[in-house]
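To start, the structure under review is shown below, and the notes come after it.
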Amino acid sequence: MSNHGRPEEDHGLRLSPFRGLRYVPERVGSLAAVTSPPYDVVVRPDGLSHLESADPHNIVRLILPQAATPADRNRQAAETLHRWLSDGVLAPDREPALYVYEQRKGDLLQRGVIGALALTPPSDGIVLPHEDVMPHVVADRAGLMRATAANLEPLLLTYRSGGKATGATAVIDRTILRSPLLATTTEDGFSHRLWSITDPTELAEVTSDLSTRQALIADGHHRWATYLRLKSEHPSPGPWDSGLVLLIDTARYPLQVRAIHRVLHRLPVADAMAAVAGTFRVRKIPGPLPQALDELAEAATAGNAFLLAGDGAFHLIDRPDEALLARTIPRDHPAAWQTLDATVLHATLLDHVWSIPDAPEDIAYIHDTEAAVTHAERHGGTAVLIHPVREEIVRDLARQGVMMPRKSTSFGPKPATGLVLRSLDLS
């Protein structure tokens, strides 16, 4: 496996300005009402219908169009985007820019730069994935991007500077003193502000700084894989050689890392519990959910632990049998990977103990803990709640070229979708 060190100067991140597509405030009810979480965070169907009804121009009509077939969905999204451009609901900025983006909620503050990032394969060690992807999701996103010829939402990438106010950080610090292009507060309580950087000197300062950096994909593995697929389908050089990203310096603005939970549609809790008896310690623990999650966090400090829910109660399973782990965990990966909760969940529990295929009809991946429990209770399945892994472990494994099990982590806060889009026809 490769070991990706620090890129040499001019062989790191190449971030370019672009003419952002943005909502025209006078043509929509409010900017907050047309935004959405990233496509894979929208919890169907409740979240989808809520967003669709928030405003007739909500961005969810582009990122999650509703129609009978994939071809119809993609065609509908393309037609909607064209209509909104023709009607002046969306309009391109006059000149190419990089965009400073700020999110704030209470004590949480995140700032970064949005731009068109040159696409590079993992072997180059410039943009590091840390999770495998599901081919059907990549195919779905590729169809949508082909039809719309647009990057509809930025990926979330992180890099680490020395923490000093130089380079991109210095430009961000100066930019936020100016009047923003937009400011809005979404219903989750986050305030969002966006500025443009068009001055050639400032653009050069950002570009030079990032040219020595290496980035970790924090959120958007499927979209990054989609970018790479579409790059291979189009002539180069061209607009498909880059993709829309938000870059965050986590030395300055640390992200939160949360878990992504699983809901097993066809496995009742009673069956799940019966299957693990004898190979895991099993304990019924009191609720409510926050208290049960505290118990999970405490158990996770000592080893692999999972919280099962869906039958109106909470069940903690931990202390897996060492012989079982030895039989089921692949040994051709580093020890840090072998002991991940996500590894044990997939290799030991899902593949071996429960025999659950990793297919959409069998497993749902849900970010929100309450939503996962509710989903399991409604459908008679099992919610498997896991404890988040630390960012340092994710980054260290990624630098070794080691992929974590898919949907192992959820970095946040995630950028709101709908504040700035990138049209490939304008690049």
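Dipole magnitude of the chain about its Cα centre, charges +1 at Lys/Arg Cβ and -1 at Asp/Glu Cβ only, in debye to the nearest 20? Intermediate results must be reported in sequence, preceding the final value.
Values: 43 positive and 52 negative charges, 70 e Å.
Once rounded to the nearest 20, the dipole reads 340 debye.
Pop a pseudo-label 7 angstrom from the Cα along the beta-carbon direction at both D188 and V24 and give the gap in nm to one decimal.
For D188 paired with V24, the spin-label model returns 2.9 nm.
Exposed loop sites here are GluC sites (Glu not before Pro) in DSSP loop states with at most 16 other C-beta atoms within 10 Å. What is the longest stretch of the chain lacking them?
No qualifying site falls inside 10-186, the longest such stretch.
State to the nearest 20 debye the size of the charge dipole of region 110-229 about its Cα centre, where the only charges are +1 on K and R beta carbons and -1 on D and E beta carbons.
160
Using θ = phi - 60° and the Karplus curve 6.51 cos²θ - 1.76 cosθ + 1.60, what whole-Hz ³J(HN,Hα) does each residue of region 351-361 get, with Gly and Pro shown as x?
6, 9, 6, 9, 6, 9, x, 8, 10, x, 6
With a 10 Å cut-off between alpha carbons and a GNM built on the chain, which of G412, G220, G303 moves the most?
Judging by the Gaussian network model, the answer is G303.
Taking 0.36 nm per residue of sequence separation and subtracting the Cα-Cα distance, how much length would be gained by fully extending the chain between S208 and D124, in nm to one decimal?
Using 0.36 nm per residue and subtracting the Cα-Cα distance, I get 28.4 nm.
Using the Cα centre of the chain as origin and beta-carbon charges of +1 (Lys, Arg) and -1 (Asp, Glu), tell me which of G125, T166, L307 is placed farthest towards the positive end of the dipole.
Sorting the options by dipole projection puts first T166.
Under unit Cβ charges (Lys, Arg +1; Asp, Glu -1), what dipole magnitude, rounded to 20 debye, does region 339-427 have relative to its Cα centre?
In total the dipole reaches around 320 debye.
Using a Gaussian network model on the chain with a 10 Å cutoff between Cα atoms, which of A91, A359, A313 fluctuates the most?
Maximum fluctuation in the GNM of the chain, among the listed residues, is at A359.
Got a sec? Charge dipole of the chain, +1 on Cβ for Lys and Arg, -1 for Asp and Glu; which of M134, A183, H222 is way out at the positive end?
Selected residue: A183.
Just to compare against my own numbers: the Cα pair-distance distribution for region 220-283, 10 Å bins, whole % per bin, please.
Here the calculated profile for region 220-283 is 15, 22, 19, 21, 17, 5.
Looking at the P(r) of the chain, how many percent of alpha-carbon pairs lie beyond 31 Å?
Value for the chain: 41 percent of Cα pairs lie more than 31 Å apart.
Any idea of the accessible area per residue across region 260-360, 1.4 Å probe, to the nearest Å²? All intermediate terms of the calculation are to be shown ahead of the outcome.
On the way: 4510 Å² over 101 residues.
Counting only protein heavy atoms, the per-residue value for region 260-360 is 45 Å².
When only alpha-carbon atoms are used, what values of Rg and Dmax, in angstrom, describe region 282-427?
17.3, 58
How large is log10 of I(q)/I(0) for region 48-146 at q = 0.11 Å⁻¹ when the intensity is taken from the Debye formula with one equal scatterer per alpha-carbon?
Those come out to -0.55, one per q.
Could you please state, rounded to a whole Å, how far the C-alpha centre of region 356-427 is from the C-alpha centre of region 274-331?
Going from one Cα centre to the other spans 20 Å.
Which percent of the accessible area of the chain is formed by carbon and sulfur heavy atoms (probe 1.4 angstrom)?
Reported share for carbon and sulfur atoms: 51 percent.
Where does the longest stretch of the chain lie that holds no trypsin sites (Lys or Arg not before Pro) found in a DSSP loop with 13 or fewer other Cβ atoms within 10 Å?
Longest gap between qualifying sites, sites excluded: 179-330.
Taking a cut-off of 19 Å between Cα atoms, list the aspartates and glutamates near K105, but don't count ones fewer than 8 places away on the same chain.
Cross-link targets: D173, E187, D188, D249, D368.
Do the sum for the chain: with -39,500 (n - 2.57) for every DSSP H run of n ≥ 4, divided by all residues, what is the mean residue ellipticity at 222 nm, to the nearest 500 deg cm²/dmol?
Only helices count here, giving -9000 deg cm²/dmol.
What are the residues whose amide H is under 5 Å from the amide H of A218, where those residues sit 5 or more places off or on another chain and H is modelled from the backbone?
L156, L157, T158
The values are calculated or read from the model by the stated rules, or taken from the named source; none is laboratory data. Computed from a prediction, not measured in an experiment: that's the story for all the values here. Glycine gets a Cβ as well: all are built from the backbone with ideal geometry, and neighbour counts include every protein chain shown. Please note that ligands, DNA and RNA were not included when accessible areas were found on the heavy atoms of the full protein model with its side chains. Shrake-Rupley method; radii C 1.70, N 1.55, O 1.52, S 1.80 Å.
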